[in-house]
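Have a look at this one.
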Amino acid sequence: MLGFHTLQRVVQEIRADVASARDRDPAARGVGTAEILMNWGGVQAILTHRVAHALHESGVPFSYASRAVTGVEIHPAASIGADLFIDHGSGVVIGETAEIGDRVTLYQGVTLGGTGFARGKRHPTVEDDVTVGSGAKLLGPITVGHCAKVGANTVVIQDVPPNSTVVGNPGHPVRVEGRTVEGPDADWIHLPDPVADAIKALAERIGQLERRLGELDGNSAEGEVKELRPKQGPSSAGG
Ligand SMILES: CC(C)(COP(=O)(O)OP(=O)(O)OC[C@H]1O[C@@H](n2cnc3c(N)ncnc32)[C@H](O)[C@@H]1OP(=O)(O)O)[C@@H](O)C(=O)NCCC(=O)NCCS
């Protein structure tokens, strides 16, 4: 049941959330608690969620109260750790089965959403000390490992390793443990071009056939089709 201890816990959590805003938002440095509570939409949203979650756990229905005021929609059943900071807030959506660890930072427009109509665990788990850039979409029951950074506007549909930086759509790691990712999929600018490879192979084959025909005709002239050479200059992908 909802009691004194729940209230005490909620007050402690709210105090920690205000402290996180001061730590992680340069604009909040030196700003008083009352001013942060009145003006920081992300803090208001977390505050409302702490109360909504406590009520939800006690069986009292209380849904989406903060959405109209802050533009942040956190399902009351979502599990959120200590020191969450939502910067600016607007457009943030956190689904029912999402789990967020401690000291996580979310910027505006972040979605922790599901991918379909499945029931059960269908929203992301975000571990401790993760930062998620503005507009990023984290979809499905994936896990974002501790201390990972998700770039602005990234679409994440697979697990993210701890201590990594993930960017792009689909999101892919560009740094793991501070090092550039190596391997065949690491260069997303100069991608393989199977169509150009097939045309090159055909041109070579036609060249061979024309040479062979020329020999049979007693005419050693080179064929019309020239072999393709690797194209110089900037990549068509703009890289
Ligand atoms: C991803 C981010 C956290 C930087 O993390 P980082 O570990 O310091 O990574 P780096 O800056 O070294 O970037 C790593 C690579 O990803 C690229 N990159 C960084 N952010 C990117 C993004 N959002 N989308 C696509 N590529 C991105 C960089 O150009 C770099 O490419 P390179 O390997 O070819 O040099 C940061 O770029 C970001 O997106 N932060 C969110 C900020 C935000 O939402 N602010 C809102 C304030 S209101």
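Would you mind calculating the gained length between ALA27 and VAL181 on full extension (0.36 nm times residue separation, minus the Cα-Cα distance), in nm to one decimal? The partial results should precede the final answer.
Values: separation 154, 0.36 × 154 = 55.44 nm, distance 3.41 nm.
Working it through step by step, the gained length comes to 52.0 nm.
Kirkwood Rh, Cα Rg: Rg to Rh for the stretch 9-63?
Numbers: Rg = 12.3 Å, Rh = 11.8 Å.
The Rg/Rh ratio comes out at 1.04.
Shifting gears a bit: Of the DSSP beta bridges with both residues in the stretch 4-186, give the percent that are antiparallel, rounding to the nearest 5. Could the numbers behind the result be given before it?
Working: 6 of 30 bridges.
Antiparallel bridges: around 20 percent, rounded to the nearest 5.
Distance in nm between label sites at VAL60 and ALA34, each 7 Å beyond Cα in the beta-carbon direction?
2.6
Can you tell me the FRET efficiency between ASN169 and ASP102 if r is taken as the Cβ-Cβ distance and R0 is 30 Å, rounded to the nearest 0.05? Walk me through the numbers on the way to the answer.
Values: r = 28 Å, r/R0 = 0.94.
With R0 = 30 Å, the Cβ-Cβ based efficiency is 0.60.
Treat each spin label as a single point 7 Å out from the Cα along the C-beta direction, and report the THR115 to ASP128 distance in nm.
Taking the two extended label points, one gets 2.9 nm.
Can you pull out the trypsin sites (Lys or Arg not before Pro) in the stretch 70-143 that DSSP calls coil and that have at most 10 other Cβ atoms within 10 Å? Provide the component values of the computation, followed by the final result.
Numbers: sites: ARG103, ARG119, LYS121, ARG122, LYS137; in loops: ARG103, ARG119, LYS121, ARG122.
Of the trypsin sites (Lys or Arg not before Pro), the ones in loops of the stretch 70-143 whose Cβ has at most 10 other Cβ atoms within 10 Å are ARG119.
All of the numbers you see were taken from the coordinates with simple rules; none came from a lab. What you see is a predicted model; the values in this text were computed from it and never measured. Positions of Cβ are generated from backbone atoms using ideal geometry, with glycine treated the same way; all protein chains shown enter the neighbour counts.
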